[in-house]
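One structure below.
Just so you know, all these numbers are worked out from the coordinates, no wet-lab data involved. Note that the structure is a prediction, hence the values are computed from the model and not measured. No Cβ is skipped: glycine too gets one built from the backbone with ideal geometry, and neighbour counts run over all protein chains shown.
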Amino acid sequence: MKNISLLFLLGVFIFVGCSDNELDNNFYQENPNFEEVVDTEKHLVEFAKVLSKAVHERKDVREFLKNEALKQFDCNYNVLYYLVSDELIGDESFRDILISYSSKEVINQVERNVPLLNILIPELHFFDVFPEELDVDDDEIPVAVPIETKTILYFNGEEEFSLDNREIPGFHVFVVNENRQVIIPQNNLKSGAAKTIEFKSPNYDGRRVISEHYSLKSLTDNTSIVGTRAIAASHFFNRNDGSIHQKAFQRDYIYYGITPNQRSGSFNHSIDEYISYIEVDPVLYYEIADDKRGNDGDPYVENPTVSQEKNPMTADEIYKKMWTQGAFNFRFEIIKSNSSTPIRKRVTIKPKDLWDFDITYTRRHKTWFRRPKHTYTIDLSKMKPKKVFLRNLENPQEVAMGKWNIQEESLKRHIMVYEEDLTMETKLTKEIESIHVHKANFKGNVKVNIGIAETGWEAGYNYENTTREKQTVEVKYQTGDDHLGDFELYFYDPVITNIIGSNLYEIKTYSSGGFKFGVTVK
């Protein structure tokens with residue numbers, strides 16, 4: 001049994017992997033001896049056949065390709081053949097090994113016609129496939145090559161099977177294509193010339209990036225998610241020292257334009273608060289779906305093991321055969337002090353968008369009396385949560401919570417989260433405390449200082465710098481709803497908690513243990 005992932009659309013696969021059928025026009029104009037681009041597929045297929053023999057018979061070749069891919073020289077798990085062909089594997093060069101499985105003529109033809117020949121080890125978080133986990137002891141890793149109408153997989157020089165619609169099977173493969181991130185200068189292709197490349201963008205140069213940068217990507221959000229107003233606020237207020245520059249004052253800039261040097265400003269009515277992403281611990285799957293076995297309309301895993309003869313299954317096929325139809329419906333009850341009725345927002349998310357599935361794959365080999373059989377098994381205990389950006393779903397569902405004008409509204413908001421089930425509706429009466437700034441903080445609609453103190457500045461709430469009152473609200477819910485948490489949001493919570501590099505930001509996260517969400521203001 002092997003841990004695998006399913007790459008379901010080769011279009012996605014090519015995007016992260018690097019192949020279009022065009023090189024820089026000037027490059028071709030300066031190289032008249034090159035064959036027409038339309039012959040590229042033929043040479044890619046020929047190389048895939050040769051490579052499939054080498055990776056089947058030689059563990060050291062598999063190990064070599066894995067190690068080179070993990071270097072991520074172009075920020076992807078690519079191995080540019082041009083750069084590594086002369087590297088030694090034992091006492092032989094990679095190129096000589098490939099020649100031993102074909103001929104000099106074949107390799108020369110490939111090199112001449114596909115100078116940007118590339119070998120990719122795919123990564124796809126959807127099903128938890130990572131190049132780092134490729135098992136070099138596995139001698140059954142095929143070589144895939146995408147062509148115009150199908151994807152062909154080769155095993156030991158022979159076509160194992162092919163798939164239509166640019167889909168590839170659910171296990172580790174080596175993919176032969178062209179690299180789209182780099183250019184090889186014309187003079188460097190001459191015999192004996194130094195092997196150097198040029199990146200089409202500095203962003204592709206993996207040699208310039210600190211390795212820790214990648215480990216942080218899953219924790220951060222880019223400019224389009226965070227919003228430029230919040231980013232600007234983080235440049236004025238970014239400390240944890242309790243000073244006038246502390247992160248807690250970010251909303252003073254976002255809503256009122258207040259900075260350490262500009263201590264007053266009018267409310268900006270174009271700003272809104274949003275729940276931008278959610279994250280659901282897989283342990284909640286058992287609470288919101290498994291016990292009821294889908295009687296509430298929630299999807300659940302009906303078939304933990306599925307099989308198919310002849311060809312592997314696509315990601316979509318596996319998902320549809322394992323899971324029942326439907327989606328989870330998350331409901332946010334947003335309680336604001338200036339209304340006795342909560343704002344009700346719903347988000348519908350399918351299991352494949354919520355979690356990375358841990359799926360094992362086994363293949364029964366073809367013999368003279370039986371077809372090959374491909375079997376997939378999901379391990380629910382090993383699913384991993386995804387950070388689900390609501391605006392990036394097929395049906396964008398970013399949850400707007402409205403403007404936060406603390407001249408009219410409490411400094412505190414309450415949010416109740418449910419996974420919704422269609423059962424009998426009932427009502428809940430909830431008493432909450434609202435906290436208000438003193439009126440001395442405003443002159444007309446102008447906020448006159450940073451923070452909430454009547455004199456000086458501070459972000460902490462106390463009975464001296466605020467007024468408090470009780471509020472009763474009525475929340476409607478279904479008797480079968482799964483309650484996932486109650487949350488309190490404060491106006492002086494920081495929006496951006498950390499800045500990483502030039503355009504990566506960690507935003508404030510609220511958590512009840514199993515359910516998390518992030519808030520942005522823009």
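Distance cut-off 24 Å, Cα to Cα: go down the list K200/K352; K53/K352; K53/K104 and report the pairs above it.
Numbers: K200/K352 34 Å; K53/K352 35 Å; K53/K104 16 Å.
Over 24 Å apart, Cα to Cα: K200/K352; K53/K352.
Could you work out the percent of alpha carbon pairs in region 312-470 separated by over 22 Å, rounded to a whole number?
On the way: 8074 of 12561 pairs.
Within region 312-470, distances greater than 22 Å cover 64 percent of Cα pairs.
In region 451-510, which GluC sites (Glu not before Pro) fall in coil by DSSP and have 12 or fewer other Cβ atoms within 10 Å? Write out the running numbers ahead of the final one.
Details: sites: E454, E458, E464, E469, E474, E488, E506; in loops: E454, E458, E464.
Sparse-neighbourhood loop GluC sites (Glu not before Pro): E464.
Please list, or write none, the aspartates and glutamates whose alpha carbon is within less than 14 Å of the alpha carbon of K384, excluding same-chain residues fewer than 8 places away.
Qualifying aspartates and glutamates at Cα under 14 Å: D128, E279, D281, D353, D356, D358.
Identify the chymotrypsin sites (Phe, Trp or Tyr not before Pro) of region 313-396 meeting these criteria: DSSP loop state and at most 14 other C-beta atoms within 10 Å of the C-beta. Write down the numbers at each step before the final one.
Details: sites: Y319, W323, F328, F330, F332, W355, F357, Y361, W368, F369, Y376, F389; in loops: F357, W368, F369.
Answer in residue order: W368, F369.
Starting from region 307-407, pick out the GluC sites (Glu not before Pro) whose DSSP state is loop and whose Cβ has at most 15 other Cβ atoms within 10 Å. Display every interim value, and only then the final one.
On the way: sites: E309, E317, E333, E394, E398; in loops: E394, E398.
Listed in order of number, the matching sites are E394.
Just to verify a number: FRET efficiency for N240 and D60, C-beta to C-beta distance, R0 = 35 Å, to 0.05?
Working: r = 50 Å, r/R0 = 1.44.
According to the calculation, E is roughly 0.10.
At a Cα cut-off below 24 Å, give the lysines reachable from K427, other chains included and same-chain residues fewer than 8 away excluded.
Answer for K427, where 24 Å is the Cα cut-off: K292, K336, K345, K412, K470, K476, listed by chain and number.
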